[in-house]
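Beneath this line is the structure, given in structure tokens, with notes to follow.
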Amino acid sequence: MTEAATAPLSVSTVASHRIADALRTAILDGSYRPGMRIRQEDIAARSGASRIPVREALRMLEAEGLVTLVANSGAWVARLTLAECAELYQVRERLEPLLLRASMPGLDGAAVDRMADLAAAMEGADGDVDAFLRADREFHLTSYAAAPPGETSRIIGRLWNTSQHYRREFTKLAAHRDRLGVTHLEHRLLLDCIRRGDADDAERVLVMHIRRTRLELSGHPEIFR
């Protein structure tokens, strides 16, 4: 196949990734809410692309747990019922400690120092929910980053994406009740476990951290309507 013949595919692929990046950011920062329809024609018009790269971008985001595609119908931002959210968090309670344990031996000083900076950033967010969430996401994903690549990492990445909106709601509730101090303490405890290389304690702190979010959300069914 000639270079000229492969060029259009390359351009389409670049466009798909560009559109996926923009949509991913918009979904994760709350510009698109769960259950909101994503109209391909609108995305194509805004991005100056055809519907082909838009469809490919949506397939990418579906694989990441951010979008639900329905055949012959369209695309929607992924949403959860209360029961689905509880199940998702129970899966996280079991898988994330395993991934953290696998990651801890490979976390170097730079990664741990970065986590300390992120913990401080969360404490200094001063009610800025989006700033808190960005730092929180990076904090936890950094703690898992040294684990060998595999299915567990992919599953957890997808679960984090699907539950992003509900972590935002938990953060709003906690900030409103002046209860983010407990979250900050858990982050500091987790960081201490990692610095000491104590995987058993790290797992216990992480399970408690995830479970507390699940239990708080279970008391607010209005979030899932």
Q) Considering G106, G127, which residue is assigned by TED's automatic domain parsing to the domain that holds E151 and modelled with pLDDT under 95? A) G127
Q: Give the number of residues within the stretch 171-196 that are free of Cβ contacts under 8 Å to residues at least 60 places away in the same chain and either farther than 18 Å from A121 by Cα or of a type in the set (D, E, K, R) (or both).
A: 10
Q. Does A202 qualify as being outside any helix (DSSP H, G or I) and in contact (Cβ under 8 Å) with a residue 12 or more places away in the chain?
A. no
**Q.** F139, sole failed condition from (1) assigned to a loop (DSSP other than H, G, I, E, B); (2) without any contact (Cβ under 8 Å) to a residue 60 or more places away in the chain; (3) crowded, with 16+ Cβ neighbours inside 10 Å
**A.** (1)
Q) Which condition breaks for D130 when tested against (1) farther than 25 Å from D21 by Cβ; (2) touching a residue at least 40 places away in the same chain (Cβ under 8 Å); (3) among the acidic types (D, E); (4) surrounded by fewer than 15 Cβ atoms within 10 Å (Cβ to Cβ)? A) (1)
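The values are calculated or read from the model by the stated rules, or taken from the named source; none is laboratory data. Remember, it's a predicted structure, so these values are computed and weren't measured experimentally. Quick reminder, even Gly has a Cβ in these numbers, built from the backbone with ideal geometry, and neighbours come from all protein chains shown.
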